[in-house]
Amino acid sequence: MKKIKEILRSIFLATPEKDYDFLLTDISTLAENSDNVANDLHNSSSNFTTLDEVKNIFPSIDVNLEYIKVKYNTLISSDVIVREFDLTARNRHYKAFLLFIDGLSDTDLINNYVLKPLMMKNPANSFDGDQTRILSEAVTNNITVRKVKKFDIVEYISNCLLPQNSLKKQTEFSSVFSGVNSGNCALFIDTLNIAFDIDVKGFKQRSIDSPNNEIVIRGPQEAFVENIRTNTSLVRRIVNNENLVIENIRVGEISKTHCAICYLADIANNDLVAEVKYRINNLGIDSLLSSGQLEQLIEETNKYSIPQILSTERPDKVTKYLFQGRVAVIVNGNPYCLVMPATLVDFVSSPEDTNLKFQFANFLKFLRLIAMGITLLLPAFYVAMTNFHQELIPTELLFSMIASRENVPFPMIFEILVMEISFELIREAGLRVPSPLGPTIGIVGALVLGQAAVSASIVSPILIIVVAITGIASFAIPDFSFGFHLRLLRFVFLILSYLSGFLGVGIGLFVYITILCSLKSFGVPYMVPFAPITNSKGDGYFVSPIWKRERRPDYLNTKKTDSQKHISMEWKYRKE
Amino acid sequence: MSQTTKIGNIEAIFLIVTIMINHIILNLPKFLLDKTHSGSLLNIIFITLIVLGIVYFISKLLKRFPNMDILDISEFLGGKILKYTIGILFMIYFLFFAGVFLRSFCESIKIIYFPTTPVMFLIIFFIIGMMMTNRLGTNAIIRANLIFIPVILFTIILIFFANIGNFTMQRMFPLLGNGIMPTFLSGLSNIFAFGGIAFLYFIPPYLKDAKEFKKIAITSVILSGIWLLFSIATLLFIFPSIVTTDEILPLYFASRFIQFGRFFQRLDAAFLLIWIISMTSYLSITLSFATNIFKKVTSFKYPYLIVYGGCLIVFLLSLIPKNYVQVHFLETTIYQYFVLSLIFAISLSILIFATFKRRKQIRVKGDGFIE
């Protein structure tokens, strides 16, 4: 009976399940609805304000401990470690605690070189001699004058108890937190209003690997990694000169991301360095996660898709530009380094150019020039020539083109847009799928789709050739951002050519070049050394023989203009 | 052009050559040929020498007014009224003839490629181009022009050399054409072909090195003369001077004769592509200078509004002529008289009188009568 009742109840008296509906409450609405809540919020926020206002370290260790526990939410945060202990110095005991983040710091280092010397009794900390030391003594008129050095526990701990190569005394909480967040540990001692910032970094990181996107045949096979120190060391190792300055700047109110500004002090223009620092120092952002973000934040204009700052994963490329007098910025957590200023020529140059004989390099540069033209204009030219200027196409070729399009029901622009967008889709899919599948998707997509499209009379075979050549040409552009920019702009020219043939393409081309001429990268015109014409001895678009590259780029206004002697091959022309 | 913008020698030379080249692409060579027939070659050499002399004279006169353009000099000579008058005349010169040449070019490409398209549609394309480039500033336009001009100059040389097989050299005879008087005396008015030197009156304040003005002026005239000679020679040697070519773009018709083997038999569209770029460059430069004059005369604060206004004026002016005959009349006859009177008479007179005034001032200052 009971069961029947339950069944009936479940059938007829069942209440619908409540939908799980989570909404983020707007704080302002909440405040309007409930004065109490608002007051609480206000109180809590005022509490935070007072917490934020705390700047200097307190002499009382308990207060410091409470403050740190609140700031770091130690009750919730599992990786923040506060280790309280008794410190022994000169046989006296002081209350102390260590603050560090598990995973960022090397616990072995902390155990062996911080806690052990401080906690364990040893000859260094158990000696109980005079607390003051007489340095010198003199007696005049029965008056003894003594020069005394009072016992200073800070100096004592720093000089005798902590065998660490990098140790800083911090008086402000912000500096302490900054160190702790980057993997250091902080030592607080009772009665002292300073804390020791001890370098015990020890987190896992990717080892130096070969470059993935800027591959060269002849040349170094090292690429930047995510760790800023590793990256700066890579650069310093190649520069190998004391004039290399690596300045640290923190960006982001919350993330406080480390950025390293690198330049050669005796070469780079001071104004350029100052401008880079000015722009990076004046960024009102919460967090900085990548060099790509920084690039967008510090370039002159964001109106166009044209890249104005070089981004590279190769330390040798960065070094080459540093020697020219440019400035490099490395962002912690990102394996790409920014180089500024950059000109159009830089985006079409490959690191390989430096390693090859100038004839080979120039041949490759010539090919890249053609690749740029094809990427940008080939589809547009195809549409313009087939729709408006058929006389440009030789008669026999024109006949075969017409024959191949005979069965295609779509207008030319539809046909080409379908294929171009399909090609971009294949490319994007090839990049995003797991790496073993990537090339397969590309080949299968391109071959099968192309063949099927032609068989189904959706597109003509000649169009497949045009789209394929355009795609291949776009891969020949060394800089990813610049290649992307050209790929995007190709569609604009495509539409212009469909509207009015060479008229649209011609006007579009002039407007585009004018835009390029109007751009500046850190004060340097984008189109130098061509517009405006500058002295580009040995460093124009094409490279001259290595012995002829005597000068640094004129437009960088470097402190040293010559990069090598007039006769660099002294062995050959030395007068006996 | 803002006062901070400075241009180099080559940029300045190419700026002046651009104006000349665009007139060559349009109907200038045909007009000169119609006037002096086979004597055109001698006539071009003659007028080039005359213009060289004038330009040398202008550079000597402008030397007394460092970093001053014709508007400043007019103000110095005749106060604000003369400055406004000259400013307005030059604005008319730049804007009106930009409109006329734009219409002429669009009519030509309409006949060649877009027979069913309204000419307004083609004009709007150029106007949008002008608007976009002028928003980017004069400096950017001049630099873009610097990149394209070598290509444009090359096309004219290419038309000459690629057509050598089609030349009938005997057409240059009689060398004096219709006689000495038509070639050298009435042909003297052909100096209007060098209308591009109007920019010489405006560039001194913007030169990186003002001392180079003379070099810039002379080089640009020599280059313009050489290219004019090439284009005249091409047309003269290909087409009988009495029969003449079609009314539109004579150099385009010369380019239609070019063929390289069996594969490349009609390359004229490629030439037209480059000339479209050239025309956009020309229009952008003239609009830019016109807006700069407007800014200088009126102290107007909104640069983009001037650009939009200028584009609108050029657009409306280009629609004024009812047909191609009117366009042709405006771009040849009216243009000729306007250039001769404004550039070679009025502006030169202002320079001469201003020089007299300056010399007088210096002399009086030297005698100690005026502080």
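Structure values in brief
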item	result
Residues located in region A:381-400, provided they are of a type outside the set (S, T, Y), more than 11 Å from chain B (Cβ to nearest Cβ) and surrounded by 19 or more Cβ atoms within 10 Å (Cβ to Cβ)	A:V383
Every residue from region B:317-328 that is surrounded by 11 or more Cβ atoms within 10 Å (Cβ to Cβ) and either out of contact with any Phe, Trp or Tyr (no Cβ under 7 Å at 6 or more places or on another chain) or assigned to a loop (DSSP other than H, G, I, E, B) (or both)	B:S318, B:L319, B:I320, B:P321, B:Y324, B:Q326, B:V327, B:H328
Close pairs from region B:124-151: first at the interface with chain A (Cβ under 7 Å from one of its Cβ atoms), partner surrounded by 21 or more Cβ atoms within 10 Å (Cβ to Cβ) and among the acidic types (D, E), Cβ under 9 Å, at least 6 apart	B:R143/B:E11; B:L146/B:E11
In region A:284-320, residue farthest from A:V331 (Cα to Cα) [restricted to those that are of a type in the set (A, V, I, L, M) and touching a Gly at 6+ places or on another chain (Cβ under 8 Å)]	A:I285
Residue ID - nearest to A:E420 (Cα to Cα), chosen from residues in region A:438-459 that are of a type in the set (S, T, Y) and loosely packed, with under 12 Cβ neighbours inside 10 Å	A:S455
Within region B:1-18, considering residues that are at pLDDT below 90 and away from chain A (no Cβ under 12 Å), the one surrounded by the most Cβ atoms within 10 Å (Cβ to Cβ)	B:M1
Residue among B:S284, B:S288 that is within 13 Å of chain A (Cβ to nearest Cβ) and either farther than 23 Å from B:E75 by Cβ or not hydroxyl-bearing (S, T, Y) (or both)	B:S284
Extreme residue, surrounded by the fewest Cβ atoms within 10 Å (Cβ to Cβ), among residues of region A:164-199 that are of a type in the set (G, A, S) and at negative phi	A:S166
Sole exception among (1) within 28 Å of A:V348 (Cα to Cα); (2) without any contact (Cβ under 8 Å) to a residue 60 or more places away in the chain; (3) surrounded by 18 or more Cβ atoms within 10 Å (Cβ to Cβ) for A:I515, by number	(2)
Wholly within region A:354-442, helices (runs of 4 or more DSSP H) carrying at least 2 residues that are closer than 15 Å to A:S474 by Cβ	A:358-387, A:412-432
Helices (runs of 4 or more DSSP H) enclosed by region A:459-558 - at least 1 residues per element that are within 14 Å of chain B (Cβ to nearest Cβ) and of a type in the set (F, W, Y)	A:480-500, A:502-518
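The values are calculated or read from the model by the stated rules, or taken from the named source; none is laboratory data. Remember, predicted model here, so these are calculated numbers, not experimental data. Note: ideal-geometry Cβ built from the backbone for every residue, glycine included; neighbour counts use all protein chains shown.
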